[in-house]
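**Student:** Please find one structure pasted underneath; my questions will follow.
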Amino acid sequence: MSSLVRSVGTIGSLTALSRVFGFVRDMLLARVLGAGLAADAWQLAFTLPNTFRRLFAEGAFSVAFVPMYTRRLAGDGGEQAADEFAGDVLSIFVWVLLGFSALCMIAMPGIVWLLARDYQSVAGKFDLSVMLSRVTFPYLALVSLVAMLSGVLNARSRFGPGAFVPVLLNIVMIAGIIAGYYLRGDSGDDTIVATALAISLSLAGVAQLAYMWRVTRKAGVKLKVTAPKITPDVKRLGMLILPATFGAGIYQISQLVDTFFATSLPQGSLSLLKFADRLNQMPLGIFGIALGTAILPMLARHIQSGDKREAQRLQTNAVEIAMLLCLPCAVALSICAEAFTAGIFQGGKMTANDTAIMGNIVMALVAGLPAYVLVKVFQPAFFSREDTRTPVFVAAGALIVNIGLNFWVVPRYGIVGLAAATATTATLNVLTLYTILQIRGWFSMSWKLAGRIGRQIVATAAMGAVLWWLTPALQPYWSGHAFARIWSLSALVAVGAIVFFVTAYFVGALDKDLIAQLRRRRPAASGKSPGSSSE
């Protein structure tokens, strides 16, 4: 478990740093733009390249590329064979990205119409969305190359650089918000801020790629861009990517579906959904992505060596860590939703009514938080065996259910119903994946793991009871001035964490071996081999 804990710790801590900067970015954005015309147009322009990034680059491409690269790295050819394979992929990947980006930028009016045709009913909103989307879309090509280089380093157990690049993104975008705010001045023209943000996104992609290329070269990876050639390995990668695009990206595809429905609701709905998802993404990004990134190359190595026992143990540890961290986060976010949305986002152009709606959206979204994270744990069990087809059918079924639910709940419950439908279908997705894993004998939940999760639920219930009592008492403070908001929200987090972990310790929800690994993490890190991550 020690390598998994260290890897998750490295990725999670750097991702947490990125999330902190992301919160600063969104706090500024909420106050500067609020939830109006320009804010909705920006959120759509930001959603498009980011969804394709998560779907193709960090989703389908990574889950197909990393196991293949890992096998070559551990094979007879070693680093040379692995780097030759990566170079062949890069030589094709660059041209595919350039062509896809160019086509999308040309077709952007049609893409925006498909996702947000109702924007045409508001003067200037549709045209602004098209313009901003064209400015932001080059980010997709840049960050896709970043994702490939990150996959190369992840296969070599260097998780730090890939987890750090989102920090660069948020720093550059914060600068873009500040620049747009001062350029707008007293004119009140929010399109100036939105345009500055769009430009900053593409500049952030340049900064991320430059950083990752430098780190990759420094790690001794030798990649060469040559004339494109479709080798048998590249062809196999392409065949794996096609189904993995859907299987790995149910959450991202659902985001596009949600965007379509959100743009049909009153102005500001899309912005409120995206801000609410920032709170949901905090634990998902820190724990879910960290676990999924760390487990894939490790699981691929165990399966390649035929060590089924170690593969089962690795997945069991990942599920235990996921539930230990996600259950309390989901309950705490649900109970304290209004406190966090008002305390973090309210101010400037973001009104109290906006944050109240946002709080309800958060409550609906986090109901599916354990499912969002467990999907990241279960999918590598398929991808590491090069089975990218099974998650396709599971994801297709969940997506069909999601669309059907949206048609029923959105007219009745609006943006909150849309968020609840997303959580429901994510839960359906993860339950189906687990059932298939158990039937195939690839993973099954032991009684020991079930008992541990049961104790985690007891500790979560104790924490929830305390927060239920404490939150109303702190209401005057988390809606007050800046210092009062900081200490009241910090108090909620601290009290919740203390109650949960103390209760978890006494009821036996904490694995003593896990605690020992966490305590030994720093000394273990000092004995790393020269080729391991130093971040």
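The values are calculated or read from the model by the stated rules, or taken from the named source; none is laboratory data. All figures in this text were calculated on a predicted structure; none of them were measured in a lab. Don't worry about glycine lacking a Cβ; one is built from the backbone with ideal geometry, like all the others, and counts go over all protein chains shown.
**Student:** Just name the residue that is surrounded by the fewest Cβ atoms within 10 Å (Cβ to Cβ) out of those in the stretch 362-372 that are farther than 16 Å from LEU431 by Cα and either in contact (Cβ under 8 Å) with a residue 60 or more places away in the chain or in contact with a Ser or Thr (Cβ under 6 Å, 6 or more places away or on another chain) (or both).
**Tutor:** By that ranking, first place goes to MET363.
**Student:** Looking only at residues in the stretch 373-412 that are touching a Phe, Trp or Tyr at 6+ places or on another chain (Cβ under 8 Å) and farther than 26 Å from MET239 by Cα, which one is surrounded by the most Cβ atoms within 10 Å (Cβ to Cβ)?
**Tutor:** Here the residue is VAL373.
**Student:** Also: Within the group GLN438, GLN475, which residue is polar (S, T, N, Q) and closer than 30 Å to ALA381 by Cα?
**Tutor:** GLN438
**Student:** Any residue in the stretch 105-117 that's within 14 Å of ALA262 (Cα to Cα): show its pairings with residues that are among the small types (Gly, Ala, Ser) and in a helix (DSSP H, G or I) at Cβ separation under 8 Å, as long as the two are six or more apart or on different chains.
**Tutor:** Taking only residues 6 or more apart or on different chains, the pairs are VAL112/SER129; VAL112/SER133; ALA116/SER129.
**Student:** Looking at the stretch 257-310, which of its residues are modelled with pLDDT of 70 or more, surrounded by fewer than 24 Cβ atoms within 10 Å (Cβ to Cβ) and among the aliphatic types (A, V, I, L, M)?
**Tutor:** Hits for the stretch 257-310 are VAL257, LEU265, MET282.
**Student:** Now for a separate question. So, in the stretch 432-447, of the ones that are free of Cβ contacts under 8 Å to residues at least 40 places away in the same chain and of a type outside the set (Ser, Thr, Tyr), which residue ends up surrounded by the most Cβ atoms within 10 Å (Cβ to Cβ)?
**Tutor:** ARG440
**Student:** For residues that are small (Gly, Ala, Ser) and modelled with pLDDT of 90 or more, tally how many sit in the stretch 482-510.
**Tutor:** Number satisfying all stated conditions: 7.
**Student:** Can you tell me which residue among THR424, THR341 is touching a helix residue (DSSP H, G or I) at 6+ places or on another chain (Cβ under 6 Å), in a helix (DSSP H, G or I) and polar (S, T, N, Q)?
**Tutor:** Going through THR424, THR341 in turn, the sole match is THR341.
**Student:** Quick one: in the stretch 160-184, which of the residues that are among the aromatic types (Phe, Trp, Tyr) and closer than 25 Å to GLY348 by Cβ is surrounded by the fewest Cβ atoms within 10 Å (Cβ to Cβ)? Break it down into steps so the answer makes sense when it comes.
**Tutor:** First pass over the stretch 160-184, keeping only residues among the aromatic types (Phe, Trp, Tyr): 164, 181-182.
Now drop any that are not closer than 25 Å to GLY348 by Cβ, which leaves 181-182.
Details: TYR181: 16, TYR182: 11.
This residue is TYR182.
**Student:** If we scan the stretch 485-506, do we find a residue that is assigned to a helix (DSSP H, G or I), of a type in the set (Gly, Ala, Ser) and more than 23 Å from ILE335 (Cα to Cα)?
**Tutor:** no
**Student:** Which condition breaks for HIS481 when tested against (1) surrounded by fewer than 21 Cβ atoms within 10 Å (Cβ to Cβ); (2) more than 30 Å from GLY268 (Cβ to Cβ)?
**Tutor:** (2)
**Student:** Still on this structure, I have one more. Out of the helices (runs of 4 or more DSSP H) lying entirely within the stretch 70-150, which hold 2 or more residues that are closer than 22 Å to TRP213 by Cα?
**Tutor:** Because the criterion is at least 2 residues that are closer than 22 Å to TRP213 by Cα, the helices (runs of 4 or more DSSP H) in the stretch 70-150 that meet it are 78-106.
**Student:** A follow-up question, please. Quick one: is VAL167 in contact (Cβ under 8 Å) with a residue 60 or more places away in the chain, within 30 Å of SER384 (Cβ to Cβ) and in a loop (DSSP other than H, G, I, E, B)?
**Tutor:** No; evaluated as a whole, the condition is false for this residue.
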